[in-house]
Amino acid sequence: MSFPGPQSALRFEIEATCPETGARAGLLHTAHGTIETPVFMPVGTQGTVKGLTPRALLEDLDARIILANTYHLFLRPGHERIERLGGLHSFMAWPRAILTDSGGFQVFSLDALRKVTEEGVLFHSHLNGDRHFFTPESTVDVQLAFGSDIMMMLDECLAWPAPYEAAEASMRRTVRWAQAGYQHYLKREKGLYCALFPIVQGSMFPDLRRACTDQLLELDAPGYAIGGLSVGEPRALSQEIAAATAALLPEDRPRYVMGVGMPEELPRYVAQGVDMMDCVLPSRNARNGYLFTSMGKVVIKQARYMEDESPLDPTCACYTCRTFTKAYLRHLFQAGEILFSVLATWHNIHHYLDIMRRMRHSIVIGQFPAFVKSFQSDSPVSD
RNA sequence: GGACAGGUGGGUGAGCGGUUAAAGCCAACAGACUGUAAAUCUGUCCCUCCUUGCGAGGUACGAAGGUUCGAAUCCUUCCCUGUCCA
C-alpha cells in the first residue's frame, strides 16, 4: 500500500443531472483518488472511524473519503507530530481522500469550554483543560500539516434557536474568518493541492444565508459547505434551509451539507443538488445498538430479538448481515463485546454507502425521481 | 457438639429505633443520539387502584414471638449459611 503525495488540485466534474430535481452525479478528483458523488463520508474524528479498520472501510465498504477532525487531532497527537510521521494519510494508513473539519463544530458542541472572539476561538481542552487559541489562519496551518485533501474553514456553528441579531453577527464573523483564512491559505498553499472549503452560516434565516453565500462566493473556492444545521432545529427546517442555500451555490462546485442526516433524509438533500454529506449517526448509533435497515430501525437490545435467527437486514449484502443472526448481535450488545461495535458500525456504514451508490446510479440512468419514490415508500422513517 | 461472623428487594450491598418501599452498583426493560468531550446518556425497575400525584392502599429486610407511640434496625426462641475449634 503506497500513499502518493498530493499531485493535483481538486477537480469536480458532473456526469449527470436529474432534470426534475437538480440532483447530480459527479466525480470529485483528489490527490487520493476519485470520489463518486453524491457521497456520504463516514466520520473518523480521531483518525479512525470508530470500530472499523481502514481495510474494512477500503476493501469491503469501499469508502472513498472519510472525515477527521482538526480540533481532536490537534490536541492529540498534535498536527506537528502527524506531519513528522508523514501526514495524516500515512499516519492512519488510509490511502484515499480525507476531509478535515476545522473545529467549527466544537464551537457549538464544546459550548462550555470555549470563548469566541473576533480573532478566533479560545478552547479549554476537554482532555486536560489546556488553553488553545484557534484562528482561521492557524486551523488552515494545522490542516495543511495533516495534508487533508479537503480542509474546512474555521466557522462559528451556532446553536438553535438563535436571535436574528446574534445570527447575523455570528455569520459576519464567519465571513471575516473565511476571508482571512482564505487569504492565508492562498499564501501558504501555492499548489492548491489541499482544497479549502468555506462554510455558509446564517442560522435559519434565508436572507442571512444568502448574504453569507454572496460574500463567500467572492473567494472562488473549489467547493462550498452548508453548516450550522442539525444543531437542534426541526428536521424539516434543516432541509428547507439547506435547499435554500444549495440553490445559491455555484453549479460547477461540490456542495457539502455538514452533519446530516437520517437515511431517509439523504435523498432529500441530494434532490436539492447536494453532493457531499457526513454524519455521526451511522457510526455512533451503531455503537449504541441502533441499526439502520431497509425495514427501518432495529434496536438490537430489545428482548424480541433474543432468539431471532434472521439476519439484521435480509436485503443487505454487508458482512454482518451475510454472516450473523440478530440473536447473536443482540448477545454481543448485551455482553458489551467490542465485536458488536465492529459489526454494527460495519452494517450501518454499509447501509449509508449503499443508499448513496443506488441513488447515484439512479441519477446516472435518469431514474432518480423513481428512486426517491420507491425509496421513501420502502423505507420506513427511522425514528 | 463448641466459638465467632452473617441472613436486606432479580444479583451484589448500604442502612443499624422515626424524614426507608429501603442508598449505590450490576442485571433486566425502554428511550435518546445528526460537521463525535459518546463502546455514551436518560428513564423504569414489589403489587393493586385511581381524580397519574413529592397520590391512596397492600405486602416486604430468614421465621415466629416480644419491647416501643414507632422496628430492617433492640430482645427471645427457632431455622439456615460461612469460617475456625473438637
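Each value in this text was obtained by applying a stated rule to the coordinates, not by laboratory testing. Bear in mind that the values here come from a model prediction, so they are computed numbers and not experimental data. Ideal geometry is used to build each Cβ from the backbone, glycine not excepted, and the neighbour counts take in all protein chains shown.
Descriptive notes on the structure:
- Shape of the stretch A:194-351, Cα gyration tensor, a/c cut at 1.5: prolate
- On Cα atoms only, tilt of A:235-246 relative to the major axis of chain A in degrees: 50 degrees
- Prolate/oblate/rounded label for the stretch A:270-383 (Cα gyration tensor, a/c 1.5): prolate
- Among residues other than A:Arg64 with Cβ under 10 Å from its Cβ, the summed charge is -1 (Lys and Arg +1, Asp and Glu -1).
- Amide H contacts under 5 Å for A:Leu196, placed H, 5+ residues apart: A:Met151
- Residues whose amide H lies under 5 Å from that of A:Gly273, counting only those 5 or more places away or on a different chain, are A:Ala23, A:Arg24; hydrogens are built 1.01 Å from N in the peptide plane.
- When each of the peptides A:83-95, A:198-210 is scored by the mean number of other C-beta atoms lying within 10 Å of its residues, the order from highest to lowest reads A:198-210, A:83-95.
- Dividing the Cα radius of gyration of chain A by 2.2 N^0.38 Å, with N the residue count, gives 0.96.
- Most to least packed among A:17-26, A:332-341 [average Cβ atoms within 10 Å]: A:17-26, A:332-341
- Amide H contacts of A:Ala68 (H built 1.01 Å from N, under 5 Å, at least 5 apart or other chain): A:Gly44, A:Leu99, A:Thr100, A:Asp101
- The packing ranking of peptides A:299-306, A:132-139, A:213-220, A:99-106, highest mean first, is A:99-106, A:132-139, A:213-220, A:299-306, where packing means the average number of other beta carbon atoms within 10 angstrom of each residue.
- Within the shell defined by Cβ-Cβ distances under 12 Å, the residues around A:Phe108 carry a net charge of -3, with Lys and Arg each +1 and Asp and Glu each -1.
- Per residue, chain A reaches -11500 deg cm²/dmol at 222 nm when only DSSP H runs of four or more residues are counted, each adding -39500 (n - 2.57).
- Shown for chain A: lysine pairs separated by 8 or more places, or found on different chains, whose C-alpha atoms are under 22 Å apart, numbering 6.
- For chain A, the relative contact order is 17 percent, taking Cα pairs closer than 8 Å that sit 6 or more residues apart in sequence and dividing their mean separation by the residue count.
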